[in-house]
1. Go through the stretch 58-75 and give me each residue that's charged (D, E, K, R) and under 30 Å from ASP96 (Cα atoms).
2. Among (1) part of a loop (DSSP other than H, G, I, E, B); (2) in contact with a Cys (Cβ under 9 Å, 6 or more places away or on another chain); (3) of a type outside the set (Lys, Arg), which single condition is GLU71 missing?
3. So ASN57 clears everything in (1) part of a helix (DSSP H, G or I); (2) touching a residue at least 24 places away in the same chain (Cβ under 8 Å) except one condition, right? Which one?
4. Scan the stretch 1-13 and report the pairs whose first residue is closer than 22 Å to GLY59 by Cα and whose second residue is hydrophobic (A, V, I, L, M, F, W, C), with Cβ atoms within less than 7 Å and a gap of 6+ or a chain change.
5. Taking the stretch 27-67 only, how many residues are within 26 Å of GLU157 (Cβ to Cβ), loosely packed, with under 15 Cβ neighbours inside 10 Å and hydrophobic (A, V, I, L, M, F, W, C)?
6. With the requirement that a residue be surrounded by 14 or more Cβ atoms within 10 Å (Cβ to Cβ), in a loop (DSSP other than H, G, I, E, B) and free of Cβ contacts under 8 Å to residues at least 40 places away in the same chain, what does the stretch 97-117 give you?
Amino acid sequence: MEKRNTPAGNTYWNNNGAYQKEHDKLFDKLVPAQGDAETVHGELVRVSGRLYYEYCNNGNCNAVDCDWEEEEWGCYNCNGTGEVDYGEEDLEECNDCCGSGVECEEVEGEKYLDSYYQSMLEFIVEHVPGSYTVVEKLETFMLHGPGYAHYQFSNEEYKYYNDVVDTIMHFVLNSENKPNPEYKPEKDNKKLG
């Protein structure tokens, strides 16, 4: 069966992806209300939905994290001396840098994927032959794209997600479903009594 591709202007978020009917049917059949799916196909469909939801609903704020770094520079008010003439007889401690001669602020450092979302991408690559390229492009977009609150939700941005879901669905519809090797049943939270 030839792989279908979601055309520009269509998205799985807007319920008109290339495999939308099949995706929805498999989601209802194989994806549990919470936790991992018991089968590889179910987990792939679940993961595709989670990635899409995180982008469209949360702007990837849960998926992409970063290290914060402190950026320092010489104080402009005191020229790095820590003292300023405020018109009094003696020099006084600079108010801007508290006498240190240095100002600083926290800035966003290197970005990385949260381990939960990273494991989703790894699951796709591990179980879907030929998915590495589309997954790598999605990961690059997530890490180096416009970022939270700056997404345009354009055809170009949606294409990363559509390509991954199209690739997953083509595989799922043309392969045998197997047990998910990473599946761990949710523990029953009922009180013993």
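Bear in mind these aren't lab numbers, they're just calculated from the coordinates by the rules spelled out. Please read all numbers here as calculations on a predicted model, not as lab measurements. Every residue, glycine as well, gets a Cβ built from its backbone with ideal geometry; the counts of neighbours run over all protein chains shown.
1. Scanning the stretch 58-75 gives ASP67, GLU69, GLU70, GLU71, GLU72.
2. So GLU71 meets the others, but not (1).
3. (2) is the only condition that ASN57 fails.
4. THR6/ALA18; TYR12/VAL165; TRP13/CYS56
5. Total meeting the criteria: 2.
6. Selection gives CYS97, GLY99, SER100, GLY101.
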